[in-house]
Structures are given as C-alpha cells and as structure tokens.
Amino acid sequence: MEGADIVIHAAALKHVPACEYNPFEAIKTNLLGTQNVAEAAIDAGVKRGVTLSSDKAVSPANLYGATKLCAEKLFVQSNVYAGPRPTRLSCVRYGNVVGSRGSVIPVFEEQKRNGYLTITDQRMTRFWISLDQAAQLVADALSWMRGGEVFVPKLPSMRVTDLAEAVAPGVPIRYAGIRPGEKLHESLLTREEARHTTDHGDHYVIEPEHPFWGERRSGEGAPVAEGFSYTSDGNDRWLDVTSLRRLIATTDGGEQAGAAIG
C-alpha cells in the first residue's frame, strides 16, 4: 500500500442472515477489518480513502447494519488519527446494488420453476442502484471529499412484489414472514443527520459533526429541510415492473443481477 494515492475499502461480510448467524465473524470482518484498513492507509500516507457503506447502517435493525454504522464512524473519526499526515477518509452509503453478489433474482428464477416464489412481506421496499452508478459514486466521492463526509446518492425505490412480477410474471407468491433482523423499508438518511446534511442535486453530503475538520463547503449545496429523512417507502422516485425488467436485462442477462433483499 505504501505510496498509493487512494484506497477503496469494499470488503465486508454483507448478508444479513449470515451476520445474524455468525456475529463473531461479522465483527472481525466489518469492524476490525475496517480499522485495519484505516490504520494501514494512515501509516502508508495514502492521500484519500473511501469505505463502502449501506442503507442498513441507518437506524440498524440487524448486526450487519450495526457493523456498517460502526465502520462509518471508524472511517470518519480515523481522520483524527491522521494528524499532520496527508490521509483523508470518507464514506459512501447506498442501497442494494444490481449486479452485486448474493442476488435474490437467481433465487426467484429457480423458485419459479417450482411453481411459486417466496417473499418475506408484501409491503417491503428497497432502494436500488446499478453497479455502474455505484462505481461512479465512489469515483466522484474520491474527487469531492475533504475528509469525514458520508456521500448518499439519490436513488429510486422498488417494491419487492414488483421485482417478483418482473422476474416471474404471474407466478404465485408465498409470504414467509420477515426474517430476523430484516426491515420492511430502508433509510439512507435520518432526521438527526439532516441537521448537518446538504443537498447537491443528485446526491446528499452528510458532513462530520465535529468542528475540527478545517474549512468545509461553505456555500456549497443547500441545507435539507428540518426533520428531513430519506426512506425507501417515502421516496418520490420508483422503479415499476417495466423499469425493473429493463434494469435486469441490462445486467449480465439478469443471471447475477440484484442484491439480497434484507
């Protein structure tokens, strides 16, 4: 790592059921692993580093979300430990990635051959982002960052029932009930974070709360409204069945599209 200009920390144990089942490993990978990356970046004098977070870090209801929230805090506060060194560290936070590992879409494809699909709850909604958009957000964050920010893209939401219809039209659905640690809806930004969040058109920037970061983006972006929150069920942008089919079709033929719901 010595002499590197940037570090992108994307490693994680990311599946909710796996983290609930194996909490020791989740903590070692998602927390201690993040601390190791931050310390190594600082020691090596890396100029900029970004860690990838998740909507599940917002008001977490499961261990995966709790570890990602802590990982965000670690990366933001690691700027303190950099001291006079040039290293600056920030985060990006987004929803389920079309094309990431651990897809629900191949599960639906397999289930439809058995004559029915399984969904935990018909009310469930999620944020979705394409793999290209996620990669671009990371690249942009590396350009925009000054250290300690959390960058949140503006994303469309989708209903899990619409995703099922997009993958397997007309196939009956069985509802299994919410799994341990699962949410009905996800959030990307809380009311508490809104106090130090600015709107930059296609994304939000959550600035660090502590006053020792030096000059910030005075005049850049518009403060969000008091009490603002950004949730998948309260979104004003939605992917319908047609949009979901188009998105799946453009992502490796749908064979590896989507991220695990939950």
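Here are some residues: Arg174, Arg126, Arg146, Arg159. Which one is more than 30 Å from Val205 (Cβ to Cβ) and in contact (Cβ under 8 Å) with a residue 24 or more places away in the chain?
Just one listed residue meets the conditions, Arg174.
Can you tell me which residue is surrounded by the fewest Cβ atoms within 10 Å (Cβ to Cβ) among those in the range 6-46 that are assigned to a loop (DSSP other than H, G, I, E, B) and touching a strand residue (DSSP E or B) at 6+ places or on another chain (Cβ under 7 Å)?
Top of the filtered list is Ala10.
Please verify whether the range 194-205 includes one or more residues that are among the aromatic types (Phe, Trp, Tyr), closer than 28 Å to Pro17 by Cβ and at pLDDT 90 or above.
Looking for residues that are among the aromatic types (Phe, Trp, Tyr), closer than 28 Å to Pro17 by Cβ and at pLDDT 90 or above, one finds none in the range 194-205, hence no.
Restricting to the range 157-183, name every residue that is of a type outside the set (Val, Ile, Thr), touching a Ser or Thr at 6+ places or on another chain (Cβ under 9 Å) and under 19 Å from Tyr94 (Cβ atoms).
If the condition is that a residue be of a type outside the set (Val, Ile, Thr), touching a Ser or Thr at 6+ places or on another chain (Cβ under 9 Å) and under 19 Å from Tyr94 (Cβ atoms), then Ser157, Met158, Arg159, Glu182, Lys183 are the ones that fit.
Can Glu182 be described as closer than 24 Å to Lys112 by Cβ, of a type in the set (D, E, K, R) and either surrounded by 15 or more Cβ atoms within 10 Å (Cβ to Cβ) or modelled with pLDDT under 95 (or both)?
yes
If I go through the range 165-201 residue by residue, how many of them are part of a helix (DSSP H, G or I) and over 19 Å from Ala57 (Cα atoms)?
3
Under 23 Å from Thr29 (Cβ atoms) and either at pLDDT 95 or above or out of contact with any helix residue (DSSP H, G or I) (no Cβ under 9 Å at 6 or more places or on another chain) (or both): is that true of Glu39 in this structure?
yes
The values are calculated or read from the model by the stated rules, or taken from the named source; none is laboratory data. Model, not experiment: these values are computed from the prediction. Because the Cβ atoms are built from the backbone with ideal geometry, glycine has one as well, and the counts that use them run over all protein chains shown.
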